[in-house]
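Student: Provided herewith is a single structure, encoded as structure tokens, for subsequent inquiry.
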Amino acid sequence: MRLIFLKPSTLSYGAKTVTDQASSPRPLDGITVVSFEHAIAAPFCTRQLADLGARVIKIERPKVGDFARAYDARAKGLSSHFVWTNRSKESLALDAKKPGADAIVDSLLAKADVLVQNLAPGAAARMGLSFEALHERFPRLIVCDISGYGEGGPYEQKKAYDLLIQSEGGFLSVTGGAGEDEIAKAGCSIADIAAGMYAYTGVLSALHLRNKTGKGSRVDVSMLESLVEWMGYPLYYSFDGAPPPPRAGASHSTIYPYGPFPATPGETVMLGLQNEREWALFCEKVMEKPELVQDERFNSNANRSANRDALREIIVGKFAELGTQEVVDRLDKAPIANAQVNTMKQVWEHPQLRARERWVEVDSPQGKLPALLPPGVNRAFEPRMDAIPSIGQHSEAILSELGYSKDEIANLKEVGAL
């Protein structure tokens, strides 16, 4: 498949069209992934494997499918979460508890390279899908288990969702406003995303290890551990009983000035200073107040952070005199890092994404939808950007490939397995 870059005038985000044509080999061409997945963490992992060329067979409950399909209907009637994490996959509708389902799963795993699952705690083991149960029969199979808390420990059987892991992992304690009732969750599924990323890299490392040993291995991914890894800064900042970084809304908790500042009424400038050199430039070229550089209240980051209310009053007063555009012009010339506080509409239309041609179109049960090309551009190959499947769209084709006759497929449907 090759990406054909067109420029439909009706698409404000500058999306391009994807068609199937010959292309350079992708890193995971020839790799087959079977996934018992739902929600975000596992689907995000396997979608990225598909981006690199892997064949991903997504096993879903007949008629109902992955419950993320029903989260909302914002993308032409499809769920925003599902559209994001499930392109380029084949959907096999299969009730694993029905007669004949075990034989189908065994046939799939006999040809698969990777099994990924994020079922409820203990469910995969009860289905005979643990690494220990499979390794003797399928010694080259890699098994990736994604759960809230990982295997072992007192929380092993505890159910987990993204918000709950944000809470358990300490993320909520350092996010939001300063008031006691102002804690805030991330605006996206950050714990699921973290787990999906570690599952993705874990599978890649297991494939690399198999190339050396000839044997499959197990990847055990915990949402809690994934998010806590990302919490390294606030953890070490509060090491050995020290106070944690204070919640500071959209501002940085310990670096100042670093965050949003009003300028023209109704408009916000986001800026960030990282060091004393930038502080001097900011005072001299943006604020035109060089005397602030050596002001004892502001002559180090620690002092600026401790006296942020006084410094904020000075900055906001100056920005109100200048207006947003003049502030941004001065920041750019200094140069001081700054950004717009973009809405989702503005991100769809972002000039940098458009200039780098990062949007393409993919098929779906409801027609074409835009999709962001995977980050991390490698010019040696083009990522796979195939359609988002409907429930069970590929069931008959997959079973035929496994050697099932039309009559046998009909019988499986009759007993409710498909």
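The values are calculated or read from the model by the stated rules, or taken from the named source; none is laboratory data. Just so it is clear, the structure is predicted and the values come from calculations on it, not from any experiment. Cβ: placed from backbone, ideal geometry, glycine included. Neighbour counts: every protein chain shown.
Student: State whether the residues of region 214-235 include one that is aliphatic (A, V, I, L, M), surrounded by 21 or more Cβ atoms within 10 Å (Cβ to Cβ) and outside the structural domain of P27 (by TED's automatic domain parsing).
Tutor: Scanning region 214-235 turns up no residue that is aliphatic (A, V, I, L, M), surrounded by 21 or more Cβ atoms within 10 Å (Cβ to Cβ) and outside the structural domain of P27 (by TED's automatic domain parsing).
Student: Contact list please: Cβ distance under 9 Å, first residue in region 168-190 and free of Cβ contacts under 8 Å to residues at least 12 places away in the same chain and within 12 Å of A248 (Cβ to Cβ), second residue assigned to a loop (DSSP other than H, G, I, E, B) and charged (D, E, K, R), pairs at least six apart or on different chains.
Tutor: Within 9 Å, the pairs are G179/R247.
Student: Okay, next question. Just to verify a result, which residue in region 236-278, among those that are loosely packed, with under 15 Cβ neighbours inside 10 Å and of a type in the set (A, V, I, L, M, F, W, C), is nearest to I146 (Cα to Cα)?
Tutor: Residue satisfying both the conditions and the ranking: F239.
Student: Further question on the same structure: Only one residue in E168, E156 is over 13 Å from V228 (Cα atoms) and assigned by TED's automatic domain parsing to the domain that holds L49, so which one is that?
Tutor: Step by step, each of E168, E156 is checked, and only E156 is over 13 Å from V228 (Cα atoms) and assigned by TED's automatic domain parsing to the domain that holds L49.
Student: Right, here's the next one. Restricting attention to region 28-55, which residues are of a type in the set (V, I, T) and under 18 Å from Y198 (Cβ atoms)? Spell out how you get there, then give the answer.
Tutor: Of region 28-55, the ones of a type in the set (V, I, T) are 31-34, 40, 46.
Listed by number, the residues that qualify are V33, I40, T46.
Student: Now for a separate question. In region 279-298, which residues are surrounded by fewer than 17 Cβ atoms within 10 Å (Cβ to Cβ) and closer than 13 Å to R308 by Cβ?
Tutor: The one that is surrounded by fewer than 17 Cβ atoms within 10 Å (Cβ to Cβ) and closer than 13 Å to R308 by Cβ: R297.
Student: Looking only at region 201-256, which residues are at negative phi, part of a helix (DSSP H, G or I) and acidic (D, E)?
Tutor: The answer is E225, E229.
Student: Look through E168, E151 and report the one residue that is under 20 Å from the mean Cα position of the chain (by Cα) and either over 30 Å from G259 (Cα atoms) or surrounded by 14 or more Cβ atoms within 10 Å (Cβ to Cβ) (or both).
Tutor: Result of the check over E168, E151: E168.
Student: Which pairs turn up if I take residues in region 9-36 that are more than 27 Å from G65 (Cα to Cα) and at pLDDT 65 or above and look for partners that are aliphatic (A, V, I, L, M) and part of a loop (DSSP other than H, G, I, E, B) with beta carbon separation below 6 Å, at least 6 apart in sequence or on another chain?
Tutor: Going by the 6 Å Cβ cut-off, the qualifying pairs are S23/M1; R26/L52; P27/L52.
Student: If the Cβ limit is 9 Å and pairs must be 6+ apart or interchain, which residue in region 285-310 that is under 22 Å from S251 (Cα atoms) pairs with which residue that is exposed (fewer than 11 other Cβ atoms within 10 Å of the Cβ)?
Tutor: Every condition considered, the pairs that remain are N301/N275; N303/E296.
Student: Determine whether L331 is crowded, with 16+ Cβ neighbours inside 10 Å, assigned to a helix (DSSP H, G or I), hydrophobic (A, V, I, L, M, F, W, C) and more than 35 Å from the chain's Cα centre (by Cα).
Tutor: Values: crowded, with 16+ Cβ neighbours inside 10 Å: yes; assigned to a helix (DSSP H, G or I): yes; hydrophobic (A, V, I, L, M, F, W, C): yes; more than 35 Å from the chain's Cα centre (by Cα): no.
Against the criterion (crowded, with 16+ Cβ neighbours inside 10 Å, assigned to a helix (DSSP H, G or I), hydrophobic (A, V, I, L, M, F, W, C) and more than 35 Å from the chain's Cα centre (by Cα)), L331 does not qualify.
Student: Restricting the search to region 356-413, which residues are of a type in the set (D, E, K, R), without any contact (Cβ under 8 Å) to a residue 40 or more places away in the chain and either crowded, with 19+ Cβ neighbours inside 10 Å or in a strand (DSSP E or B) (or both)?
Tutor: Result: R358, single match.
Student: Is at least one residue of region 309-319 in a loop (DSSP other than H, G, I, E, B) and modelled with pLDDT of 95 or more? Even if it seems obvious, please write down each step before you answer.
Tutor: As a first pass, look at region 309-319 and keep what is in a loop (DSSP other than H, G, I, E, B): none.
Checking region 309-319: not a single residue is in a loop (DSSP other than H, G, I, E, B) and modelled with pLDDT of 95 or more.
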